[in-house]
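The values are calculated or read from the model by the stated rules, or taken from the named source; none is laboratory data. Treat the numbers as computed from the prediction; the structure is a model and nothing was measured. With ideal geometry, Cβ positions are generated from the backbone for all residues, glycine too; neighbour counts draw on all protein chains shown.
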Amino acid sequence: MKWSALYGSGSRCLTVCDRAGVYARCDPPAEPFWHCLFADRRDGEQLLEHPVESIPSLLHEFRDDFYLDEQAVRAALTAPDQFNAIDKRSAFKIAFWMLRSAPFEMSVFQRRLSVHLLGEQSWISTAEDVILHKLYWDSLTRSERQVADAAGVIAVQSVSLDRAYLEKWSGELGISEKPNKLLTGEIKPKST
């Protein structure tokens, strides 16, 4: 995999989202995918209240560099709240998740970090929220990759993790067992 192509895709994605007036929070991946949550920049801390209004601008801004299916974008306004864009230059897939009003998602949104990433000012999730999101996703559709990614984040960030936050949300999300196994080293990250 060419990381420069991946990061180029991510940087172009952030630029296009900015031109479209849409907030994108990107989680730097362990695999060639970018996971983004959308919220309208005109009301930064709020959920997209009228996301249909953003679709024409989003499609227009993505048209040159990315393949983006209008029907998929419109379908993401309801469950499963997700659509993909394909970078025409690198063929990398970028997965977009619509921000919902679920308490955990609102917490993730409020805790996001502003960083300089790929030459752009961007938002990323905290390590704790990446871990929780991956383990929650694994609880819905079993995926060794999600667990391995969470284990990798813990291996790198272990000493700085907010364990009380992880415990609170893993309990509320019904996924307490795996975070505990990861934190105690019972489940280890894959070595490559």
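This table checks each residue for (1) outside the structural domain of Val52 (by TED's automatic domain parsing); (2) out of contact with any helix residue (DSSP H, G or I) (no Cβ under 9 Å at 6 or more places or on another chain).
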position: Glu70; (1), (2): no, no
position: Val73; (1), (2): no, no
position: Ala95; (1), (2): no, yes
position: Val108; (1), (2): yes, no
position: Ala151; (1), (2): yes, no
Going by the conditions given, is Gly171 exposed (fewer than 14 other Cβ atoms within 10 Å of the Cβ) and either in contact (Cβ under 8 Å) with a residue 24 or more places away in the chain or under 17 Å from Pro103 (Cα atoms) (or both)? yes
Note down all Cβ pairs under 8 Å where the first residue falls in segment 79-93 and is in contact (Cβ under 8 Å) with a residue 60 or more places away in the chain, the second is in a loop (DSSP other than H, G, I, E, B) and surrounded by fewer than 22 Cβ atoms within 10 Å (Cβ to Cβ), and they're at least six residues apart or on different chains. Asp87/Asp65; Arg89/Asp65; Ser90/Lys2; Phe92/Pro32; Lys93/Pro32
When segment 70-88 is checked residue by residue, the ones that are of a type in the set (Asp, Glu), touching a Phe, Trp or Tyr at 6+ places or on another chain (Cβ under 8 Å) and over 16 Å from Cys13 (Cβ atoms) are Asp81
What number of residues within segment 137-169 are part of a helix (DSSP H, G or I), closer than 18 Å to Arg112 by Cα and not β-branched (Val, Ile, Thr)? 9
